[in-house]
Every structure is written in C-alpha cells, then in structure tokens.
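As structure tokens, the structure follows; a few thoughts come after it.
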Amino acid sequence: MSLPNLPFISRIRRNHGLEHATIHVLIQRNPYLSLVGRSDWGGFSIYGQVTTQEVESAAHEALARLRAGEQALAVHPRCGTMLATTGILSGVAAFFALGVRPSRSRFRWAHLPETLTAATVAAIIAQPLGLLLQQHVTTSSDVEHLQIVRVYKQRGGPVPVHRVETR
C-alpha cells in the first residue's frame, strides 16, 4: 500500500478535497469572500466571514458535486501545496544560481540577476506542478464513502471559524 493510500492519509486527502470544493462553492456564491481552510483526519475548518449555515450548505453541495464527477473542485489554486511548491522550488533555484559557480567577486550581489531569474522561472514552473501535486498527492476527489457528520461554529473572535466534521 502506498503512502497516499494509507487509511489515515487517505482520510486527510479526502477532507482536503472536500475543503477545497466547499471553498469553491462559497466563492462561486460570493466572489468577494476571503477564506482559509485547514484539513485533518476528522474534517476541516473554514476561517472567514461566512455563516455556519452557508458553510454547511456549501459543504453538502460540494460533496454532491464531487460525487457527481466534478473532480476539479478538489484542487484549488491558492492551496498551501501551491505555496510550499513555489517556495521550495524558488529557494532551490536561488541556491543553485548562487552556489553552482565559484564567485570571482567578493560579493554575491553580482549574481543577483541570475538568482532572480532562476527563482522566477521556478515560480512559474511551480504553478502547474503544484496543481499536479494537489491532484495526485495532497487531495482526493474520491468522496464516495465520505459523510458530513456535523457543521458548527468553532469559536468566537474577529474571524469566524466553522468546523465540518466528517467520517
């Protein structure tokens, strides 16, 4: 059994996919929302200025749409996987741009143009790679046996946090 298919990891991947799909539905309903999500083995949390009823309705619609075959809903362009992929690739590219050749000058500032170019090219490459990583590693659209158990407001404060529990 591969790592992404271990039961514990598989649950997180399915919840992550449903989290993305829920955010897609909420944004389709209100394009001006600013939301953040976090997934774990027991469900996911949505941070943002929405009501619990809106989150619950969107989660149920997202689950139905994923089951109906809208697999693309499980991938989101502003996912942390995208940020991590971009950061890692850009950092590695900058490191190699600075470190591959011995510097003839006392200062590495002379290599700044190559370093910025390498980091920029890496960031461009990271976009499609991050989407592929989401699709095949960090999320799953296979939600056939996933159930929403309950949705509730988790805590008070300046930013509402809504918890969607699954099994």
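The values are calculated or read from the model by the stated rules, or taken from the named source; none is laboratory data. Keep in mind the model is a prediction, meaning the values are calculated, not measured. Every residue, glycine among them, receives a Cβ derived from its backbone with ideal geometry; neighbour counts consider all protein chains shown.
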In this structure, is H16 within 16 Å of the chain's Cα centre (by Cα), in the same structural domain as G156 (by TED's automatic domain parsing) and in contact (Cβ under 8 Å) with a residue 40 or more places away in the chain? yes
E114, sole failed condition from (1) at pLDDT below 95; (2) acidic (D, E); (3) buried (at least 18 other Cβ atoms within 10 Å of the Cβ): (3)
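Table: residues versus (1) within 22 Å of S57 (Cβ to Cβ); (2) charged (D, E, K, R).
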{"position": "P128", "(1), (2)": "no, no"}
{"position": "Q135", "(1), (2)": "no, no"}
{"position": "E144", "(1), (2)": "yes, yes"}
{"position": "G157", "(1), (2)": "no, no"}
{"position": "H162", "(1), (2)": "yes, no"}
{"position": "T166", "(1), (2)": "yes, no"}
Out of all the residues in region 30-77, which are loosely packed, with under 15 Cβ neighbours inside 10 Å, assigned to a helix (DSSP H, G or I) and of a type outside the set (A, V, I, L, M, F, W, C)? Q53, R67
Some residue of region 58-65 being at pLDDT 95 or above, charged (D, E, K, R) and within 14 Å of T166 (Cβ to Cβ): no
Among the listed residues V159, V121, which satisfies the condition of being touching a strand residue (DSSP E or B) at 6+ places or on another chain (Cβ under 6 Å), touching a residue at least 24 places away in the same chain (Cβ under 8 Å) and either closer than 16 Å to T86 by Cβ or of a type outside the set (D, E, K, R) (or both)? V159
Could you go through region 83-94 and let me know if any residue there is assigned to a helix (DSSP H, G or I) and closer than 16 Å to H16 by Cα. yes
Step by step: first the residues of region 5-29, then only those that are hydrophobic (A, V, I, L, M, F, W, C) and modelled with pLDDT of 95 or more, then the one that is surrounded by the fewest Cβ atoms within 10 Å (Cβ to Cβ). Which residue is that? I27
I need a count of the residues in region 126-156 that are of a type in the set (D, E, K, R), surrounded by fewer than 14 Cβ atoms within 10 Å (Cβ to Cβ) and either free of Cβ contacts under 8 Å to residues at least 60 places away in the same chain or part of a loop (DSSP other than H, G, I, E, B) (or both). 3
